[in-house]
Amino acid sequence: MVALKAEFQRELIIYRRYLFSSISDLALTILMFMGIFWGSNSISKGIIGRSLSALIIGFTLWTTIQSTVSMLGSNTMNNAKSGILQQLYLMPISSERLFFNRSMVNITISFGQSIIVCLALMLFTGQWINFTIMVIWPTIFSLVTLFGLGYLIISLVLRFKRIGSFLAICQYLYLGILLTQFEKADLLVKNMANFLPLVPMVSWMRLIISGSAYNFKYYLSFSVFNSIIWLLIGLFVFEKVNKIVKKQGSLSFY
Amino acid sequence: MLLKVRNLSKSFQNGTKAIEDLSFNIPAGKITTFLGFNGAGKTTSLKIILNLLLPDEGKIYFENKLLKNDFTPLLKQTGVVLESTRNMFYALTPMENFIYWGAQRGLNKKVARKNGLELLEKFGLLSKKDTVIFELSRGMQQIIAICCALISRPEFLILDEPTLGLDIEAVETVEQILKTLASEGVAILLTTHELAFAQRIADQILLIKKGQLIYSGSKADCLDKFNQEKFITVQFSRVLSNEQQALLESIAKIISINNTTYQLILSNRKDLSHLLGFLTQFKLIDLKTKNKGLKEVVDFYMKGKNEDGSIKSRVSA
């Protein structure tokens with residue numbers, strides 16, 4: 001717990017110390033959405049407005065994932081480059097625990113940022129989304145999947161070191177996944193898509209917010225399955241990569 | 001013994017044998033210096049001890065307990081400063097680093113602050129506690145890195161090239177810090193290329209060449225062995241006669257440097273008073289004695305060089 005608290009404090013100190021950069025990042029995210037919103041509106045003459053809530057939810061989730069996973073990846077890359085990663089591996093806490101703490105901090109901070117982004121988007125678009133308490137379920141399962149994705153990205157950094165371009169590709173893949181409304185697709189496509197990270201939770205969230213009817217058991221079971229499977233995949237790959245890296249002694253290579 | 005390393009071997013995928021059958025001990029309260037050329041296997045050995053690298057074979061015992069998959073007992077009691085890497089967050093201040101790294105070792109904020117302040121005071125950097133690491137000099141950064149490694153008051157400190165890139169003053173400070181820590185009972189294992197620094201600081205030396213340990217023992221014993229022969233350079237006020245030279249040669253081996261200067265090599269130190277008695281009958285301009293240091297030891301073992309710089313035909317321990 002002390003280690004987790006210290007990780008939080010470190011991140012907050014950096015945010016405070018580089019406040020201008022932190023605010024600019026938020027402003028850029030909001031501007032990006034507004035660009036998509038105004039651009040789409042002028043081309044499709046308001047068609048997008050009908051699914052604006054879905055767009056806001058999708059975009060907010062995308063910023064959460066983007067800042068969690070990409071930030072985790074780029075932070076780990078920077079730590080590998082500077083040598084901090086080796087020093088972190090010399091701490092008596094396990095590497096799984098270490099990266100769990102880091103993911104936890106990243107997810108919490110990203111979540112906080114996303115709430116600000118979401119509020120700003122609702123303010124600028126005038127589309128106020130009615131969040132109900134039920135949203136908490138898909139949110140929790142999404143966070144579990146994010147931990148799994150975090151371990152996967154860290155594993156890629158540890159194994160391949162320079163994955164900056166891959167992280168950029170991932171951002172667009174998430175965007176595609178999150179903005180596609182799989183809940184409206186054919187049953188086969190919908191079922192298949194539920195295996196993709198976060199899809200059942202995002203669909204469930206959109207259905208809750210739009211007030212549409214949905215099968216609770218269906219989304220709950222797929223969300224549980226999706227979160228557990230991606231967490232296990234993440235941990236399994238991380239364990240394997242850790243062994244390879246220690247065998248090759250490539251932890252400090254960059 | 002705090003740490004025992006037994007029969008450690010490691011080869012890399014490309015077939016390079018990094019270290020072979022390495023065995024040594026690290027005692028508490030002593031400074032052990034790992035000496036060897038680049039690529040000799042010093043850092044590889046350290047990384048294996050620290051579980052950053054898996055060995056092909058070998059065992060590591062910490063406080064007489066065999067470490068298998070779980071290196072927590074060793075890591076809990078070991079502070080490490082690695083070479084050419086950032087061992088701390090440069091965007092944070094020393095105090096923020098102490099709190100962070102202390103927490104990773106299970107210390108709460110209060111204890112980490114207290115320990116950190118004590119360390120800064122001890123090493124004369126208290127005024128820098130709130131300065132971002134980026135703004136400190138290279139020497140100060142290295143001292144703060146050592147402080148970070150010491151934040152949980154470990155029993156064992158590992159330093160990879162701690163004086164690399166430091167100026168003379170900073171090297172002296174690091175030297176003092178390490179000597180103080182050793183006197184307080186901390187076991188220190190360090191690697192260095194600076195033989196003068198090693199000569200001053202080491203209690204024990206480990207000489208490694210191409211992955212093989214070629215000497216392991218106390219520095220005093222090692223130098224004693226090398227200084228069995230005494231080298232004395234004498235400058236006489238005039239040229240010695242053949243008779244005088246012959247008499248001198250009956251006590252020591254002599255090498256003429258110029259007409260009036262000779263290098264005398266005593267194979268047994270017991271003959272020293274005999275020689276000095278003989279020299280009293282001459283008027284001397286100068287007399288110098290020279291002890292062999294770690295440089296000569298390393299030259300002998302690593303390069304196979306004799307005192308006069310000639311290459312030894314065979315290197316033996």
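About the Cα centre, and with charges only on the beta carbon of Lys, Arg (+1) and Asp, Glu (-1), how big is the dipole of chain A? Nearest 20 debye, please. Intermediate results must be reported in sequence, preceding the final value.
Values: 20 positive and 7 negative charges, 107 e Å.
I would put it at about 520 debye.
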Quick one: what do you get for region B:98-197 if you divide its Cα Rg by 2.2 N^0.38 Å? 1.05
The computed P(r) of the protein assembly as shown puts the percent of Cα pairs beyond 46 Å at 35 percent
Within the under-13-Å Cβ sphere about A:V202, not counting A:V202, Lys/Arg +1 and Asp/Glu -1 give a net charge of +2
Among the lysines, which fall within straight-line cross-link reach of A:K161, defined as a Cα-Cα distance under 26 Å, with same-chain neighbours fewer than 8 residues apart omitted? A:K81, A:K240, A:K243, A:K246, A:K247, B:K10, B:K17, B:K42, B:K47
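Defining a contact as two alpha carbons under 8 Å apart and six or more residues distant in sequence, what relative contact order in percent does chain B show?
Working: 552 pairs, mean separation 61.2, N = 317.
Relative CO of chain B lands at 19 percent.
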Which listed residue (A:Q87, A:F59, A:V135) has the Cα farthest towards the positive end of the charge dipole for chain A, taking +1 on Lys and Arg C-beta and -1 on Asp and Glu C-beta about the Cα centre? A:Q87
Compute the convex hull volume of the Cα atoms of region B:130-266, divide it by the residue count, and report the result per residue in Å³ as a whole number. 188 Å³
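Please average, across the residues of A:4-12, the number of beta carbons from any other chain that are within 10 Å of each residue's own beta carbon, and give a whole number.
Values: counts 1, 4, 11, 3, 0, 6, 8, 0, 0.
Shielding by partners across A:4-12 averages 4.
Using the crude model of +1 on Lys and Arg Cβ and -1 on Asp and Glu Cβ, and no other charge, please compute the dipole size for the protein assembly as shown relative to its Cα centre, in debye to 20.
Details: 62 positive and 40 negative charges, 147 e Å.
Using Cβ point charges on Lys, Arg, Asp and Glu, the protein assembly as shown gives about 700 debye.
Shielding by partners for B:97-110, please: the mean number of other protein chain Cβ atoms within 10 Å of each residue's Cβ.
On the way: counts 1, 0, 6, 6, 5, 3, 12, 13, 6, 6, 3, 4, 4, 0.
Rounded to a whole number, the mean comes out at 5.
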Proximal lysines relative to B:K110, as straight alpha-carbon distance under 28 Å, when same-chain residues fewer than 8 apart are discounted: A:K5, B:K76, B:K122, B:K128, B:K129, B:K179
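Starting from the Cα gyration tensor of region A:67-111, take the square roots of the eigenvalues, sort them a ≥ b ≥ c, and report rounded, prolate or oblate (rounded when a/c is under 1.5, otherwise prolate if a/b is larger than b/c, else oblate). Mind dumping the intermediate values first?
Working: a/c = 3.19, a/b = 1.34, b/c = 2.37.
Oblate, because a/c is 1.5 or more while a/b does not exceed b/c.
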Among B:Y262, B:I232, B:L213, pick out the residue whose Cα is farthest towards the positive end of the charge dipole of region B:201-274, where Lys and Arg carry +1 and Asp and Glu carry -1 on C-beta, about the Cα centre. B:L213
Using a Förster distance of 22 angstrom, determine the FRET efficiency expected from the C-beta separation of A:L173 and A:L232, and round it to 0.05. 0.60
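Sum up the charges of everything whose Cβ sits under 12 Å from the Cβ of B:Y61, counting Lys and Arg as +1 and Asp and Glu as -1, but leave B:Y61 out. Can you show the working numbers first?
Working: positive: B:K4, B:R6, B:K59, B:K65, B:K68; negative: B:E63.
Surrounding charge for B:Y61 is +4.
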If I take all pairs of Cα atoms in region A:118-254, what percentage of them are more than 23 Å from each other? 45 percent
Test item: Cα-centred dipole of chain B, Lys/Arg +1 and Asp/Glu -1 on Cβ, debye: 500 debye
Just to be sure I understand: with springs between alpha-carbon atoms less than 10 Å apart, which residue in B:S127, B:S45, B:S216 has the highest mean-square fluctuation in the Gaussian network model of chain B? B:S127
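Taking 8 Å as the Cα distance limit and 6 or more residues as the minimum spacing, I'd like the relative contact order of chain A as a percentage.
On the way: 244 pairs, mean separation 71.0, N = 254.
Computed value for chain A: 28 percent relative contact order.
Looking at region B:22-66, which chymotrypsin sites (Phe, Trp or Tyr not before Pro) are in a loop (DSSP not H, G, I, E or B) and have at most 16 other Cβ atoms within 10 Å? All intermediate terms of the calculation are to be shown ahead of the outcome.
On the way: sites: B:F24, B:F34, B:F37, B:Y61, B:F62; in loops: B:F37.
Those satisfying the criteria are B:F37.
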Contact order normalised by length for region B:228-284, with contacts defined as Cα pairs under 8 Å and 6 or more residues apart; what percent is it? 46 percent
Going fewest to most other Cβ atoms within 10 Å around each Cβ, A:Y219, A:Y18 line up as A:Y18, A:Y219
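Counting partner chain Cβ atoms within 10 Å of every residue's Cβ in B:67-74, what's the average? Walk me through the numbers on the way to the answer.
Working: counts 0, 0, 0, 1, 2, 4, 1, 2.
Average per residue, whole number: 1.
FYI, it's all coordinate maths here, none of it is from the lab. Quick caveat, the model's predicted, so the values are computed rather than measured. Virtual Cβ from ideal backbone geometry, glycine too; neighbours counted across all protein chains shown.
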